[in-house]
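Values in this text are rule-based calculations from the coordinates and carry no lab data. Just so we're clear, the structure is a prediction, and the values are computed from it rather than from any experiment. As a convention, Cβ positions derive from the backbone with ideal geometry for all residues, glycine included, and neighbour counts pool all protein chains shown.
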Amino acid sequence: MTAQIIDGKQIAADMRAELKEEVAKLKEQGIVPGLGVILVGEDPASQSYVTAKERACENIGIYSNDNRLPAETSQEELMALVEKMNNDPKINGILVQLPLPKGINEAEVLLAIDPAKDVDGFHPMNVGKMMVGEKAFLPCTPHGIIQLLIRSGVTIEGAEVVIVGRSNIVGKPLANMLIQKKPNANATVTVCHTRTKDLPSHTKRADIVIAAAGRPNTVTADMVKEGVVVIDVGVNRIEDATKKKGYRLVGDVDFEAVKEKASFITPVPGGVGPMTITMLLYNTVESAKRAAGIEVA
Ligand code: GUN
């Protein structure tokens, strides 16, 4: 079997077109969704993610307030900026790009964000609400992955899902979302990680494998069954002198070999990445609607 490639770029473009229309309608009512962005330090990957997020905002008509701070920024300065954004009515969503430099207490920063503006869904209040199945901002990468599965016609209900990786940003929230007693969830989920004894024994029985380990070749063809659905969340830079930038991006999955066995697979780049940004835009628009007293589903 050769897999159908899940085109995250196209699915994201479709969703962004819908959001753009919605933003235009909100503007007619005097509502302009706004996103406050904070990046601390010079990590190149974070810089490119943040630039992509800001461009995406501009493209669909969301106001973005860009704050790029030096790595030496103190906890107090960062907390003060978050507080300022909490109180700024033009800002409906606050995004603090992670990871933060060493010396900054990440948990304290996330806790300082107004849960009503927490469009990343990282505040413990939103994490808790999500876990008990209440309405909350859903973290963008897991939410984007679920959208990819739904829009590709993959059945999630009852599926054996194996997630490789237990981060707070992907593995843990995704597992929680997929076990909810709700439509497009109700999956049986196993979360594997660096201390898992026999990773292939888990991935081999999975209907859906989600690789979010941050390591190339974490999932190879011998580790999956015929017809598996594979979602690759990895973004790894591999040195490549033939490329203008000096590197190329690969995921956590051995794409070329696994695609010969899978029924569906996401590429890197162009799979999950564009969806993460799209769900951030979605949450920001939703937050602006809530702030304006417009009922959201
Ligand atoms: N770092 C990696 N992914 C994310 C994300 O979705 N949001 C934020 N704020 N930081 C990240």
Ellipticity estimate at 222 nm from DSSP helix runs (n ≥ 4, -39,500 (n - 2.57)) divided over the chain, nearest 500: -11500 deg cm²/dmol
Hz values of 3J(HN,Hα) by residue in region 61-73 - Karplus curve (6.51, -1.76, 1.60), Gly and Pro given as x: x, 8, 6, 10, 10, 8, 10, 10, 10, x, 4, 7, 3
Length-normalised contact order of region 1-155 in % [C-alpha pairs under 8 Å, at least 6 apart]: 21 percent
In Hz, Karplus ³J(HN,Hα) per residue of region 236-248 (6.51, -1.76, 1.60; θ = phi - 60°; x = Gly, Pro): 10, 8, 10, 4, 8, 5, 6, 9, 4, 7, x, 8, 10
Global form of region 101-204, assessed from the alpha-carbon gyration tensor, a/c cut-off 1.5: oblate
Charge dipole (debye, nearest 20) of region 156-247; +1 at Cβ of Lys and Arg, -1 at Cβ of Asp and Glu: 380 debye
Kirkwood hydrodynamic radius (C-alpha pairs) into Stokes-Einstein, the chain, 4 °C and 1.567 mPa s, D in µm²/s: 65 µm²/s
Average Cα contact separation per residue, region 57-119, under 8 Å, 6 or more apart, as relative contact order %: 35 percent
Distant-in-sequence amide H partners of Leu69 (H built 1.01 Å from N, under 5 Å): Leu39, Val40, Gly41
Relative contact order for the chain, counting Cα pairs under 8 Å that sit 6 or more residues apart, in percent: 22 percent
Gaussian network model of the chain, springs between alpha carbon atoms under 10 Å - residue of Leu178, Leu35, Leu199 with greatest fluctuation: Leu199
Cα gyration tensor, region 29-74 - rounded (a/c under 1.5), prolate or oblate: oblate
Gyration tensor (alpha-carbon) shape descriptor, region 1-116, a/c threshold 1.5: oblate
Charge dipole (debye, nearest 20) of the chain; +1 at Cβ of Lys and Arg, -1 at Cβ of Asp and Glu: 400 debye
